[in-house]
Amino acid sequence: MNLALRDVRRNKLRFALTTLGIGMLIGVVIAMAGIYEGALTDALRLPRALDADLWVVQPRTFGPFAEPSRIPRDTRELIRRMPGVAAAGAVTFQTVQATAGRRPVRLFLEGYEIGRPGGPANLIAGHGLTESHYQIIADASSGLKVGETVPLGPYRDPFEVVGLTHGMVNSGGDPMAWVTLLDAQALQFAVPPALERREQASGRNRPTTTDINAVLVRLSPRAAPAAVAANIARWKHLAAVPEVEEERYLTAFVIQKMQAQLGMFMGILVAVSAVIITLIIYTLTMDKLRSIATLKFIGAPDRVIVAMIVQQALALGLSGFAIGLALIEKVKGGFPRRVQIEPRDLLVILAMIVVVCLAGSVLGVRAAIKVNPAEALAGG
Amino acid sequence: MDSPASPDRLPRVELAAISKHFGQGDTRVDALVDVALTVRAGEVVGLRGPSGCGKSTLLNVIGCVTEPSSGWMRLDGEPVYDGRFLRRDLRRLRLTRIGFIFQTHNLLPFLNATENIAAAMELAGMGHAEARERARALLAYFDMRQMRAYPSELSGGMAQRVAIARAIANEPHIILADEPTAPLDSAHAQGVMNLLERIAREQEAAVLVVTHDESIFHRFDRLISMHDGRIEAEEVPTHPVPAA
């Protein structure tokens, strides 16, 4: 006879409420892991979608995502003519804040050359850029619709939304958007007329608007990436970074702090869960001390009593895990950033819960083992 | 037929010079002093005395829950204590040879009547289905129809009947009862005594009952009085004590 199950059955409401509380706590732990995985996916989605074999950037930088990288635009022509290069495309990246209707929209804007590497893949609505100016493709998470116009830049030039992508955001969670390279450069370096007049009056040179942030390189099938990269690096003003290295920069530098932050937060939550589960198990055991004394008096072995406590602790933890998971699965769509629940993370959290439950039952088990069976008798 | 106290009957409980003290020096308390007691098969023996006289300690010693300080004890014909406990699995001894009835029934609140009885049998090694079947049979034997009722849903008398059924579930040869009629009215108290007598006679069990309840003194084959840890007197009650 499973005494733990019988106790739970008899105290269904108390068990349900306790499990719900633990479940919500575990749900937050699952959400934390999901937010980290989501950030990782978001951060890597853009470089993977751009599908470049090499990233040509300013040397001694971890650009263009980890830190600024600026190289001349004619770099693309140089690179394209190199042996082993099948295609090359110049790109720029910048964050813009705009207003669509009355709604603020923050976009991570990429400028690219139509027909060259760097454009958006897998449109879910509309079409690609067809004009040299004032067209924009945005991710659906921005809330923009095809046909809508977004004023951008110091002159508030109207950009028409011609296409939509799905699930393309940067490491900060901002939706991606694409314009032509020319438009992107104009947006990056254009200043309001008054400032431009002041700059001219002071005799300063305006920054060149032809700079780009990187060149995306696709190699011929038989080209060796290391050899092409070494060739490019012979120009002292350029560096070639393989795609995998670019991904490493992103994970190591851009989202490392977020990982540490979420890790710390998860650690605190697990510690809080451990304390709460321990207290609940201890309280449940203390409530049953007389029953435990009676069981011992009539001859129940300690293992039956220990099993009752441990099984109840595990039932609480595992039910809480199931509730937490169901809860997060239900509400994860409402999070502002992607919550990506990975089976690997769930297994780790499940293992942590089992360990916490086993550790949490130690106090209760200790109290139960110390109960004197004679306490079942009353009077003297 | 010989009387329950006849020397021809098997002694189920035999105690000789059993003493138990707690503490040392100035704080020493002698809970039991040179107690000698024999309870035979089929015998129902009452144990009375003021609070703190050692009745419950004596039950704990016979139940192998408390180790005596000195003396000698044999249970169901087997030497159990001779200056030290002679067997390691006292738990098993309690489970299979001794049945306990507590003052406040001490049924497990999360098990229903049938499960409370079946649990004792399952702990002793009986299969789940067989234990449940036998538990139901025992409840029927005690005229209990509320087989699925939880202790909190039972009256005091009914709960005590379930507790007695649990105590005899493993057919023990020794039954120890600690004030089993205390929470009951007179009619139910007599009902409990009827059951204990029936069990003693039918199962050849030795029944030792700690009680303050004078209305049941006449039901015992022998009534032992304790005072300050010693057995002070022993009598064979014959007439009911008139109600006050």
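The values are calculated or read from the model by the stated rules, or taken from the named source; none is laboratory data. Bear in mind that the values here come from a model prediction, so they are computed numbers and not experimental data. Note that each Cβ is placed from the backbone with ideal geometry, even for glycine, and that neighbours are counted across all protein chains shown. Surface accessibility is based on the protein's heavy atoms, side chains included, excluding ligands, DNA and RNA. Shrake-Rupley method; radii C 1.70, N 1.55, O 1.52, S 1.80 Å.
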Ratio Rg/Rh, restricted to chain B and using Cα atoms, in which Rh is the Kirkwood radius: 0.96
Candidate aspartates and glutamates for bridging to A:K370, where Cα separation is under 13 Å - those fewer than 8 sequence places away on the same chain excluded: A:D302
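Averaged over its residues, how many other protein chain Cβ atoms are within 10 Å of peptide B:175-188's Cβ atoms?
1
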31 Å Cα-Cα threshold exceeded, pairs from A:K257/A:K330; A:K288/B:K55; A:K12/B:K55; A:K288/A:K330; A:K12/A:K332: A:K12/B:K55; A:K288/A:K330
Cα-centre dipole for chain B with unit charges at Cβ (Lys and Arg positive, Asp and Glu negative), debye to 20: 620 debye
Solvent-accessible area per residue for the protein assembly as shown (1.4 angstrom probe, square angstrom): 45 Å²
Karplus-derived 3J(HN,Hα), 6.51/-1.76/1.60, for each residue of the range A:6-21, Hz, glycine and proline x: 5, 5, 5, 4, 6, 10, 4, 5, 4, 5, 5, 5, 4, 5, 4, x
The range A:315-343 versus the range A:131-209: alpha-carbon centroid distance in Å: 38 Å
Residue with peak Gaussian network fluctuation, chain A [Cα springs, cutoff 10 Å], from A:G84, A:G27, A:G118: A:G84
In degrees, nearest ten, helix A:302-331 long axis to first principal axis of chain A (Cα): 30 degrees
Cα-based helix-to-principal-axis angle, A:256-287 vs chain A, degrees rounded to 10: 10 degrees
Interface burial for A against B (accessible surface, 1.4 Å probe, total of both chains, Å², rounded to 100): 2600 Å²
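Can you check what the net charge comes to around A:G126, using other residues whose Cβ is under 14 Å from the Cβ of A:G126 (Lys, Arg +1; Asp, Glu -1)?
-3
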Positive-end residue, chain A charge dipole about Cα centroid, Cβ charges, pick of A:I71, A:A88, A:G38: A:G38
Peptide-level mean, for B:103-115, of C-beta atoms on other protein chains within 10 Å: 5
FRET efficiency estimate (nearest 0.05) - Cβ-Cβ, A:D51 to A:R234, R0 35 angstrom: 0.85
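Provide the packing ranking of B:31-37, A:44-50, A:130-136, i.e. peptides ordered by the mean count of other C-beta atoms within 10 Å per residue, highest first.
B:31-37, A:44-50, A:130-136
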nm² value of the averaged projected area, convex hull over the Cα atoms of chain A: 27.9 nm²
Other protein chain Cβ atoms within 10 Å, averaged over every residue that makes up B:86-94: 2
Cα centroid separation - the range A:215-286 against the range B:1-73, whole Å: 73 Å
Helix B:128-141 axis, angle to chain B major axis (alpha carbon atoms, nearest 10°): 80 degrees
Separation of alpha-carbon centers, the range B:97-161 and the range B:207-234, rounded to whole Å: 27 Å
Rounded to 5, the percent of DSSP beta bridges in chain A classed as antiparallel: 75 percent
Kirkwood-based shape ratio for the range A:210-362, expressed as Rg/Rh from alpha carbons: 1.29
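Which FRET efficiency, nearest 0.05, do B:A140 and A:V354 yield, Cβ-Cβ r, R0 41 Å?
0.40
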Rounded if a/c under 1.5, otherwise prolate or oblate - the range A:65-188, Cα gyration tensor axes: prolate
Choice from A:P175, A:P221, A:P158 showing the highest fluctuation, given a GNM over chain A with Cα pairs closer than 10 Å: A:P221
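Among DSSP beta bridges lying fully in chain B, give the percent that are antiparallel, nearest 5. Present the calculation step by step, with values, prior to reporting the outcome.
On the way: 23 of 40 bridges.
Rounded to the nearest five, the antiparallel share is 60 percent.
Sort the range B:39-150 into rounded, prolate or oblate with this rule: let a ≥ b ≥ c be the square roots of the eigenvalues of the Cα gyration tensor; rounded if a/c is under 1.5, and if a/c is not under 1.5, prolate when a/b is larger than b/c, oblate otherwise.
Because a/c hits 1.5 or more and a/b exceeds b/c, the range B:39-150 counts as prolate.
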Max mean-square fluctuation residue, GNM over chain A, Cα-Cα springs under 10 Å, options A:T285, A:T41, A:T294: A:T294
Within chain B, helix-based [θ] at 222 nm, where runs of 4 or more DSSP H residues each add -39,500 (n - 2.57), nearest 500: -9000 deg cm²/dmol
Cβ-based charge dipole, the protein assembly as shown, positive-most Cα from B:A140, B:S155, A:V348: A:V348
Most positive-pole-ward Cα, A:L181, A:G203, A:A224, against dipole of the range A:168-228 from beta carbon charges: A:A224
For A:A86, distant residues with modelled amide H under 5 Å away: A:R218, A:L219, A:S220
Alpha carbon convex hull of the range B:35-81, volume per residue in cubic angstrom: 84 Å³
Segment A:M24-A:A140, length gained on full extension (0.36 nm per residue, minus Cα span): 38.7 nm
